[in-house]
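This report refers to the structure that appears directly beneath it.
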Amino acid sequence: QVQLVESGGGLVQAGGSLRLSCAASGFTFSSYTMAWFRQRPGKEREFVIGINQSGSGTATGDSVKGRFTISRDNAKNTAYLQMNSLKPEDTAVYYCAANGGVTYGPDYKFYDYWGQGTQVTVAS
């Protein structure tokens, strides 16, 4: 069965760093683009950052530009989200998503698989 399992969330002080992991199984990970989305209470799902199959191309949402990076290790079937200089407004549930097509941007309807999410809370 297809699974995307996020981990690494938790409580961090403003200005701190956190790294999330997304472990994939049940599909050919290296053939899928990956992305991270987040959702705050009462807010729409927001695209954070995406990466192509090989890891050579990325797309970054304006709200996290210069602070967050995405990477992937196809040998480990894992994608990562490195979050630096965290702000209270980064507080959200973070989801990883996989797309069997060619895009890795903000259109969530293109993503085939989703993880269950992990909570990130940034204290002010």
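Details
- Residues of the range 13-34 that are surrounded by 13 or more Cβ atoms within 10 Å (Cβ to Cβ), more than 17 Å from the chain's Cα centre (by Cα) and under 21 Å from Thr103 (Cβ atoms): Phe27 alone.
- Any chance Ser63 is within 21 Å of Ala123 (Cα to Cα), in contact (Cβ under 8 Å) with a residue 40 or more places away in the chain and not in a strand (DSSP E or B): no
- Among (1) open to solvent by 40 Å² or more (accessible area, probe 1.4 Å); (2) closer than 18 Å to Gly57 by Cα; (3) part of a strand (DSSP E or B), the one test that Gln119 misses: (2)
- In the range 1-12, residue farthest from Tyr111 (Cα to Cα) [restricted to those that are open to solvent by less than 60 Å² (accessible area, probe 1.4 Å) and among the aliphatic types (A, V, I, L, M)]: Val12
- Residues in the range 41-63 that are farther than 20 Å from Ala92 by Cα and open to solvent by 30 Å² or more (accessible area, probe 1.4 Å) were compared, and the one that is nearest to the chain's Cα centre (by Cα) is Thr58.
- Looking across the range 28-47, the residues that are in contact with a strand residue (DSSP E or B) (Cβ under 7 Å, 6 or more places away or on another chain) and aromatic (Phe, Trp, Tyr) come down to Tyr32, Trp36, Phe37, Phe47.
- Here Gly50, Gly55, Gly115 are screened, and the one residue that is closer than 13 Å to Leu20 by Cα and in contact with a strand residue (DSSP E or B) (Cβ under 7 Å, 6 or more places away or on another chain) is Gly115.
- Selected residue (criterion: farthest from the chain's Cα centre (by Cα)) from residues of the range 64-106 that are small (Gly, Ala, Ser) and open to solvent by 50 Å² or more (accessible area, probe 1.4 Å): Ala75
The values are calculated or read from the model by the stated rules, or taken from the named source; none is laboratory data. Note that the coordinates shown come from a computational prediction; the quantities given were computed from them, not determined experimentally. Here the Cβ is made from the backbone with ideal geometry for all residues, glycine too, and neighbour counts use every protein chain on show. Ligands, DNA and RNA are stripped out before the accessible areas are found, and what is left, the full protein with its side chains, is counted by its heavy atoms. Shrake-Rupley method; radii C 1.70, N 1.55, O 1.52, S 1.80 Å.
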